[in-house]
Amino acid sequence: MKILSTVNEVRSAVKAWKKEGKTVGLVPTMGFLHEGHISLIKRAVEENDHVVVSIFVNPTQFGPNEDFEAYPRDLEMDAKMCEEAGADIIFHPEASEMYPENFSSFVNMTGLTDALCGKSRPIHFQGVCTVVSKLFNIIPADNAYFGEKDAQQLAIIKRMVKDLNFDITIKGCPIVRESDGLAKSSRNTYLNAEERQAALVLSKAVNCGKEMVAAGEKDACTILTAMKDIINAEPLARIDYVEMVDMNTMKNIDTVSGDVLCAMAVFVGKTRLIDNFIVLED
Ligand code: AMP
């Protein structure tokens, strides 16, 4: 496995594979990998001849008071995990390689990006769409893998690919959880022991919502109230949002019908965690 840090190097390596008729999978990440990321990489390895994992803590998707500086980084451990999972290349550029002086072009979406995380993190999805577009242009992959953990991001990337005619297939992969239910996240490392326990309210609320839907409850307000009650009962937790939206528009719904995303962001101490479940129409 190679670790490459320049656009030219990774582009030539992938172009050489494409010339031989090989298929290429891309897994974009911010590193500090865990089993959630590894599930994406393993699926990419299964479905493609070669796999590139990008590891880049993208400054443009962090707001001014967010955790860009503090975001955990461990390239050595990441490289070990990528190699074990069967990746061929890690693309690990410096910020100056991705955003050279005078960089001034951004990819902006309306609609889907205004809801949920877009409300509390106003520039976040512009940064995500910009960096993912750049990665798609740098690495001419056949397939790119994203987690349902970031369900809004996945919907946005799928829309962007359609709207802007990127020649790539987006594959969504299920949420990987700790054995007690907490969704795996690089940010879980910020939690102290007490907060780690308190963070279970997210998956408990998700399970409660899922069970209510499975039992036939259709009223979004009833479901959301039960979920919020679970989270509000935990003194270390503070709700950013808990909402039910139409998967295709990200607009709030009153009644569960069609494809629905029930998503939440909750601060546990100072750490903002997200979780969700999806209800697909039969
Ligand atoms: P990140 O490094 O947090 O930007 O995540 C990189 C990719 O891994 C994104 O597509 C995430 O949705 C995905 N991912 C992160 N955590 C999980 C998880 N627990 N289960 C599945 N996918 C995940």
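Just a few scattered comments:
- Dipole magnitude for the chain: computed about the Cα centre from +1 point charges on Lys and Arg Cβ and -1 point charges on Asp and Glu Cβ, it is near 400 debye.
- Extents of region 3-129, taken as max minus min of Cα coordinates on every principal axis and listed largest first, are 42, 31, 27 Å.
- Contact order relative to length of the chain, as percent, for alpha carbon pairs under 8 angstrom and 6 or more apart: 17 percent
- Rounded to the nearest 10 degrees, the inclination of helix 220-232 to the longest alpha-carbon principal axis of the chain is 90 degrees.
- Relative exposure of S39, S120, judged by other C-beta atoms within 10 Å (fewest first): S120, S39
- When only Cα pairs below 8 angstrom with a gap of at least 6 residues are kept, region 23-82 shows a relative contact order of 45 percent.
- Applying 1/(1 + (r/R0)^6) with R0 = 35 Å to the Cβ-Cβ distance of N207 and H34 gives a FRET efficiency near 0.95.
- Inter-site label distance for D67 and T6 at 7 Å from Cα along Cβ, in nm: 3.4 nm
- Among residues other than K119 with Cβ under 15 Å from its Cβ, the summed charge is -1 (Lys and Arg +1, Asp and Glu -1).
- Region 70-157: C-alpha pair distances exceeding 17 Å, %: 62 percent
- Rounded to 10°, Cα long-axis angle of helix 151-163 versus longest principal axis of the chain: 50 degrees
- Mean projected area of the Cα convex hull of the chain, taken over all directions, amounts to 15.0 nm².
- Neighbour counting of Cβ atoms within 10 Å sorts the residues H124, H50, fewest neighbours leading, into H124, H50.
- Arranged from fewest to most other beta-carbon atoms within 10 Å of their beta carbon, T113, T60, T169 become T169, T60, T113.
- Greater than 22 Å apart at Cα, pairs in K119/K270; K119/K228; K42/K80; K134/K171; K204/K251: K204/K251
- Maximal additional length on extending the K119-E47 stretch stands at 22.4 nm, based on 0.36 nm per residue less the C-alpha distance.
- Relative to the longest principal axis of the Cα atoms of the chain, helix 124-138 runs at roughly 30 degrees.
Rule-based calculations on the coordinates, nothing more; no lab input. Just so you know, these numbers come straight off a predicted model, no measurement behind them. Don't worry about glycine lacking a Cβ; one is built from the backbone with ideal geometry, like all the others, and counts go over all protein chains shown.
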